[in-house]
1. Search the range 166-202 for residues being under 16 Å from the mean Cα position of the chain (by Cα) and of a type in the set (Lys, Arg), and hand back the single one that is surrounded by the most Cβ atoms within 10 Å (Cβ to Cβ).
2. Can you tell me which residue is modelled with the lowest pLDDT among those in the range 93-125 that are assigned to a helix (DSSP H, G or I) and under 19 Å from Phe59 (Cβ atoms)?
3. What residue, of Arg85, Arg130, is farther than 22 Å from Thr197 by Cβ, part of a helix (DSSP H, G or I) and at pLDDT 95 or above?
4. Answer with yes or no whether Thr68 is on the phi < 0 side of the Ramachandran plot and either buried (at least 22 other Cβ atoms within 10 Å of the Cβ) or modelled with pLDDT under 95 (or both).
5. Look at Leu60 and say whether it is in a helix (DSSP H, G or I) and at pLDDT below 95.
6. Inspect the range 103-111 for any residue being within 18 Å of the chain's Cα centre (by Cα), farther than 20 Å from Leu39 by Cα and without any contact (Cβ under 8 Å) to a residue 40 or more places away in the chain and give the result as yes or no.
7. Only one of Asp149, Asp108, Asp121 is out of contact with any Pro (no Cβ under 7 Å at 6 or more places or on another chain), among the acidic types (Asp, Glu) and surrounded by 17 or more Cβ atoms within 10 Å (Cβ to Cβ); which?
8. Among (1) in contact with a strand residue (DSSP E or B) (Cβ under 7 Å, 6 or more places away or on another chain); (2) free of Cβ contacts under 8 Å to residues at least 24 places away in the same chain; (3) part of a loop (DSSP other than H, G, I, E, B); (4) aliphatic (A, V, I, L, M), which single condition is Ala188 missing?
Amino acid sequence: MEFLRDKRRAQRFYRHLSKIYDTWIRDLFWNERMRAYGLEMAGLHAGMEVLDVGCGTGFLSEGILEVTPSVWGLDITPEQLQRARRKLSIPLVRGDAENLPFHAERFDAVLSSGSIEYWPDPVQALREMRRVLRPGGVAMVGGPTRPRDRLYRLLADNMMLFYDEAEALEMFDQAGFRDVRVGYTGPAWKPDLAIVTRGVKA
């Protein structure tokens, strides 16, 4: 198990990182242009009810709110939710991506960015996302691409989940999604830093 794909360790990590996340970290790894790319892939429109899984301090939720006012945020770390509450007036719930506290077919879209890499069982989390989606609903997940450099890849794979297109397609297929598409986005210093995957609940 990669070091940060442990829920307690991830919570401790973000308890400290939340203090500097919005000012120092976020724009390096998931900036506004990358967020716009993910939202475009999700194909959101006004009136949709959307869940942001692993919402952190609320950056993705802020983008979703520009499209539709009905947004819920979920995160496992209290400190991240506290910071999100300072910025957002939406329902924010503490919860686990692998056991979502919502009834089936609750949302039109379920989105997540910068969270899958910490999930111990990403396929189970994707199944949960599918469960709470209405038929025809869309899931969009943004996560880190597998590094090409051998040494960097070895170090990265011992910290958290990094994956490629084939692995993304396999995870979404195992979770029961259809019409799965994959794209890449990133900051100027690494244009393919993030892999963005979209799937539909049949």
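1. Arg198
2. Our first condition is that a residue be assigned to a helix (DSSP H, G or I); within the range 93-125, this holds for 116-118, 122-125.
Pick out the ones that are also under 19 Å from Phe59 (Cβ atoms) and you get 116-118.
Working: Ile116: 94, Glu117: 89, Tyr118: 86.
Here the answer is Tyr118.
3. On the way: Arg130 fails: farther than 22 Å from Thr197 by Cβ.
Only one candidate passes the filter, namely Arg85.
4. Working: on the phi < 0 side of the Ramachandran plot: yes; either buried (at least 22 other Cβ atoms within 10 Å of the Cβ) or modelled with pLDDT under 95 (or both): no.
Considered against the rule, which asks whether it is on the phi < 0 side of the Ramachandran plot and either buried (at least 22 other Cβ atoms within 10 Å of the Cβ) or modelled with pLDDT under 95 (or both), Thr68 comes out as no.
5. On the way: in a helix (DSSP H, G or I): yes; at pLDDT below 95: no.
Taking the combined requirement at face value, the residue does not satisfy it.
6. No, the range 103-111 contains no residue that is within 18 Å of the chain's Cα centre (by Cα), farther than 20 Å from Leu39 by Cα and without any contact (Cβ under 8 Å) to a residue 40 or more places away in the chain.
7. On the way: Asp149 fails: surrounded by 17 or more Cβ atoms within 10 Å (Cβ to Cβ); Asp121 fails: surrounded by 17 or more Cβ atoms within 10 Å (Cβ to Cβ).
Criteria check complete, one pass: Asp108.
8. It is condition (1) that Ala188 fails.
The values are calculated or read from the model by the stated rules, or taken from the named source; none is laboratory data. Just so we're clear, the structure is a prediction, and the values are computed from it rather than from any experiment. FYI the Cβ positions are ideal-geometry reconstructions off the backbone, even for glycines, and counts take in every protein chain you see.
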